[in-house]
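See below for the structure under consideration.
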Amino acid sequence: MSKGTYSFTTPIYYVNAAPHLGTAYTTVAADTVARYQRMNGYDVAFVTGMDEHGQKVADTAAAKGMQPQEWCDSMEPAFRDAWDLLNITYTDFVRTTEPRHARSVQKFWCDLHDKGYLYKSSYEGWYCVHEETYYAESDLEKNDDGQFVCPDCKRPVQLMASGEENWFFKLSEFQQPLLDFFEANPDFIRPETRKNEIVTFVKSGLKDLSISRSTFSWGVPLPFDQGHVAYVWADALIAYLTGIGYADEDERAGEFERRWPMQYHFVGKDITRFHCVIWPAMLMAAGLPITHTVFGHGFLLTKGEKMSKSKGNGLMPADLVKVFGVDAYRYYFMSDVQFGQDGNISMERMVQVYNADLANTWGNLVSRVFNMTKKYFGAKVPAAPAFAAENPLREISDALYAEYDACMAQVDFTGAAAAVQKLASRVNLYVEESAPWNLAKSEETADQLAAVMYNSLESIRIIALYMAPFMPNTSAEVFRRLSLGDVSSVCDIEAATAWGQLPAGNAVEVGDPLFPRLTDIPEL
């Protein structure tokens, strides 16, 4: 029986370049949550997609000699292939050029128009095409040539002429409601450092937000004013609703009501303002509940600089997968980079974590225990003597679900991985302390040998279950070698990790090392 729904999103990513390690980081984190919460008994919705509208996209397409739709279509395989490579199990991939999304955008803004939250006015001010954001002059910086530049991307900004009429959302009316909401919902903005930044920003005063453009046509048309299209954030944010059937009552009856509000929006810290100020204000105006938590994670840094497409240091996931494999890639970024903080990554550190956690600990444990099972018990799981149930491994295992689940509920992937590694390390030590190679020398210690080997094999089964959200392929392979079922079909991980469920007599296959030790350190 399902525990209920568990729904969340990544950002709806810009189409202008293929995913790099930064965008993959968010997506792997979301997939780790998706896989765990499915195993934990929840009905999961995991929404991702492509943000395909706006002036920046139209300009990029023109520079490539393509129509905007043609350019966006050409980029879809880059995203889907990257997520397939990394074993991402999203439930909906929303393209903002899809008709179903246009229905969502039009339904949402028509509702706010009818409720009186929109008004038409001309805009004169500064606009950054790259960030697709309007700025007050007081927020801008100047470059060495004396030009006003964007405070975020440092590119020159454009002065928008006063002749362009836009539709504005009455964001200023939501200053106090937002502050009240933040106080009443302390977990809405995480981590705490992001919350402090947002509260300070809102307290400084909010200005009404332009939600349409009329000088270009690449966007979702607003039905109440011909010639106006939804401005990019007024378009892209609504994709979170599209992904759970907001405007598809016939095809997906009842889904939106079941799944909204969501548990999480996972975003990079650079777009928390949009998700923690504009988005909840829009939802308040629409009379919709607000997502429980926006989690703004940190940047991945190489040599102290943020990874980004524009800086040319945005590595492709496939580059590292070729070196480490998919599961080790996923494990490194979830276990070694604390989610929420900036993380300095290097090839040296990746190799260090790979060798220590995967080759020497988890992989070595599987190899040595499976080899000894073959040697001492003909590659069959031995029957456990009654006294085998009392052992130090079970004590750790019995407490593991509570610790692991608490970490995963807080998206503390590092803590969850460390909890599992604690058991893996203890099993290795247990094997050393028990010395099955000595127990095998005498018939008098045959029961002790069986107990040691069963406890070690049972621990491996349990570790594989907890490692599955991080390294699904490896856990599936361990289950296969233990002649067990499909690890991904588990829907009650607490019950599945209860001690003593490995059947005696199951065939055990040794196989190749799961994680061959790496000796060379390639350049990043």
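Is there a quick way to get the dipole size of the chain? I mean about its Cα centre, with the Cβ of Lys and Arg at +1 and of Asp and Glu at -1; what is the value in debye to the nearest 20?
Rounded to the nearest 20 debye, it is 660 debye.
Which values, in whole Å and largest first, are the semi-axes of the equivalent ellipsoid of region 208-296 obtained as the square root of 5 times each eigenvalue of the Cα gyration tensor?
Equivalent-ellipsoid dimensions as semi-axes: 23, 19, 11 Å.
At q = 0.23, 0.25 Å⁻¹, what base-10 log of I(q)/I(0) does the Debye formula yield for region 10-63 when every alpha carbon is treated as an equal point scatterer in vacuo?
Once normalised to I(0) and log-transformed, intensities are -0.88, -0.96.
Just the projected area, averaged over all directions, of the convex hull on the alpha carbon atoms of region 163-213: how many nm²?
Mean projected area of the Cα convex hull: 4.3 nm².
Under a cut-off of 20 Å between alpha-carbon atoms, report the aspartates and glutamates in cross-link reach of LYS322, not counting same-chain residues fewer than 8 places apart.
Qualifying aspartates and glutamates at Cα under 20 Å: ASP81, ASP84, ASP336, GLU348, ASP357, GLU477, ASP512, ASP520, GLU523.
Taking K and R as +1 and D and E as -1, what net charge do the other residues with C-beta under 12 Å from the C-beta of ARG259 add up to?
Around ARG259, the surrounding residues sum to -2.
Kindly provide the helix-only [θ] at 222 nm of the chain, computed as the sum of -39,500 (n - 2.57) over DSSP H runs of four or more divided by all residues, to the nearest 500 deg cm²/dmol?
Details: 20 runs with 225 residues, N = 524.
That comes out to -13000 deg cm²/dmol.
Under 24 Å Cα-Cα from LYS115, which lysines qualify once same-chain neighbours fewer than 8 residues away are excluded?
Within the straight-line cut-off, LYS115 pairs with LYS107, LYS170, LYS207.
Residue by residue through region 131-148, what is 3J(HN,Hα) from phi via Karplus (6.51 cos²θ - 1.76 cosθ + 1.60, θ = phi - 60°)? Round to whole Hz and write x for glycine and proline.
Whole-Hz 3J(HN,Hα) from phi for region 131-148: 8, 6, 9, 8, 10, 6, 4, 5, 8, 7, 10, 10, 8, 5, 8, x, 7, 5.
Express the carbon and sulfur contribution to the solvent-accessible surface of region 404-454 as a percent, rounded to the nearest whole number, probe 1.4 angstrom.
Details: 1080 of 2130 Å².
The C+S portion of the solvent-accessible surface of region 404-454 is 51 percent.
Would you work out the charge dipole size for region 310-388 about its Cα centre, treating the Cβ of every Lys and Arg as +1 and the Cβ of every Asp and Glu as -1, and quote it to the nearest 20 debye?
460 debye
When N counts the residues of region 86-242, how does its alpha-carbon radius of gyration compare numerically with 2.2 N^0.38 Å, as a ratio?
Output field value: 1.16.
So if R0 is 35 Å, what FRET efficiency would SER425 and MET1 give, r being the distance between their Cβ atoms, rounded to the nearest 0.05?
FRET efficiency, SER425 to MET1: 0.50.
With Cβ to Cβ distances under 9 Å as the rule, what net charge do the other residues near ALA507 carry (K, R +1; D, E -1)?
Values: positive: LYS380, ARG481; negative: GLU509.
Residues close to ALA507 contribute a combined charge of +1.
Taking only protein heavy atoms and a 1.4 Å probe, what accessible area per residue, in Å², does the chain have with all protein chains in place?
40 Å²
Could you tell me the convex hull volume per residue, in Å³, taken over the Cα atoms of region 1-92? Write out the running numbers ahead of the final one.
Values: hull volume 8.2 nm³, N = 92.
About 89 Å³ per residue, rounded to a whole number.
Using r as the Cβ-Cβ distance of LYS322 and VAL510, and R0 as 35 Å, what FRET efficiency do you calculate, to the nearest 0.05?
0.85
Would you work out which of SER7, HIS101, MET50 lies farthest towards the positive end of the dipole of region 1-120? Charges go on Cβ: Lys and Arg +1, Asp and Glu -1.
Going by the charge dipole, the pick is SER7.
Placing unit charges on C-beta atoms (Lys and Arg positive, Asp and Glu negative, everything else neutral), compute the dipole magnitude of region 312-464 about its Cα centre in debye, rounded to 20.
In total the dipole reaches around 560 debye.
How are the Cα pair distances of region 91-165 distributed, in percent, across 5 Å bins from 0?
Percent of Cα pairs in each bin: 3, 14, 15, 13, 14, 17, 13, 7, 3, 1.
Take the solvent-accessible surface of the protein heavy atoms, probe 1.4 Å, and return the percent of it on region 83-132 that carbon and sulfur atoms account for.
Carbon and sulfur: 47 percent of the exposed surface of region 83-132.
Which distance in Å, rounded to a whole number, links the C-alpha centroids of region 479-493 and region 165-223?
45 Å
Any idea what Rg and Dmax come out to for region 343-495 if you just take the C-alpha atoms, in Å?
Rg, Dmax (Cα atoms, Å): 16.1, 54.
Return the label of the correct value of semi-axes √(5λ) of the Cα gyration tensor in Å, as calculated from the structure shown, out of (i) 50, 24, 20; (ii) 37, 31, 23; (iii) 40, 27, 24.
Structure-derived value, by its label: (i).
The values are calculated or read from the model by the stated rules, or taken from the named source; none is laboratory data. Remember, predicted model here, so these are calculated numbers, not experimental data. Every residue, glycine as well, gets a Cβ built from its backbone with ideal geometry; the counts of neighbours run over all protein chains shown. Just the protein is used for accessible areas: all its heavy atoms, side chains included, with ligands, DNA and RNA removed. Shrake-Rupley method; radii C 1.70, N 1.55, O 1.52, S 1.80 Å.
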